[in-house]
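Here is the structure we will look at.
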Amino acid sequence: MYQTDPPLSPKDVLPTMYDLPSEDAEEPGLPDQFHLLQSRLLDETFCPPNYPSDQIFVASDLNLYYDARHPLWQKRPDWFAVLGVSRLYEQRDLRLSYVVWQEAVHPFIVVELLSPGTEKEDLGQTLRDIEQPPGKWEVYEQILRVPYYAVFDRYKYEFKMFKLDGGRYAEVALPEPRFWMPEIKLGLGVWQGCYRDVEQPWLRWYDSKGNWVSTSLEQERQRTQRLIAQLKALGVEPDLD
């Protein structure tokens, strides 16, 4: 490709999400039920109060294209969030993938859900074959420089948080399984509770008062309970059938 003077923007000359594969041929199939439910809970409770909802993009198991020099290289984070971009691609389309050189904004946080087959790569414990693309850890830490990287062991329910410090990830010592992020006025932690009729520990966002952010279903239940209480205070017994 001939270079122009002045050079053209990568946004104009490199592939967009419409041009790149949205599936990973080496990882056929869909995420399992835990991945689906855990990602949904993270979606539902991620609502930074200092960002408008239409400037927050969250995704799970979506191709993340990260290197303009190697436009087919991608990772598929279990969950990630980007701040300061439109929820829709160019404010009109649902994203097929997240293409960094088109979006010009890197993820703020990535969450990986450990399983035996991915644990070593997720924790940066594998050696890179120089003839192969870099692993997740290198991509998140050195290429995208994602400020926060969270890892949740789905079998042991262990939560680890890594923060970018001096260009490298440093594991944060957690006296309890919670971590506060002042930039978004939210924290991430392990909540023991029932989500979608499944009782177990889950990763979930909490607010500045330490309260777990409610899902839409929980908010509706709370409104119903308040209404029932108000009716009873007026001497009216609500018909709940």
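The values are calculated or read from the model by the stated rules, or taken from the named source; none is laboratory data. For clarity, every value in this text was computed on a predicted model and none was experimentally measured. Positions of Cβ are backbone-derived with ideal geometry, glycine not excepted, and every protein chain shown enters the neighbour counts.
In table form, for the structure just shown:
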{"read-out": "Region 133-147, residues that are assigned to a helix (DSSP H, G or I) and farther than 27 Å from LEU41 by Cβ", "value": "GLU138, GLN142, ILE143"}
{"read-out": "Residue tally, condition without any contact (Cβ under 8 Å) to a residue 40 or more places away in the chain and part of a strand (DSSP E or B), over region 171-187", "value": "5"}
{"read-out": "Check on GLU199, loosely packed, with under 14 Cβ neighbours inside 10 Å, assigned by TED's automatic domain parsing to the domain that holds HIS35 and either aliphatic (A, V, I, L, M) or not in a loop (DSSP other than H, G, I, E, B) (or both)", "value": "yes"}
{"read-out": "Residue check, PHE152 assigned by TED's automatic domain parsing to the domain that holds GLU121 and either under 22 Å from VAL100 (Cα atoms) or assigned to a helix (DSSP H, G or I) (or both)", "value": "no"}
{"read-out": "Which listed residue, of ARG154, ARG168, ARG196, is basic (Lys, Arg), within 19 Å of ILE109 (Cα to Cα) and touching a residue at least 40 places away in the same chain (Cβ under 8 Å)", "value": "ARG154"}
{"read-out": "Residue in region 212-219 that is modelled with pLDDT under 95 and surrounded by fewer than 10 Cβ atoms within 10 Å (Cβ to Cβ) present", "value": "yes"}
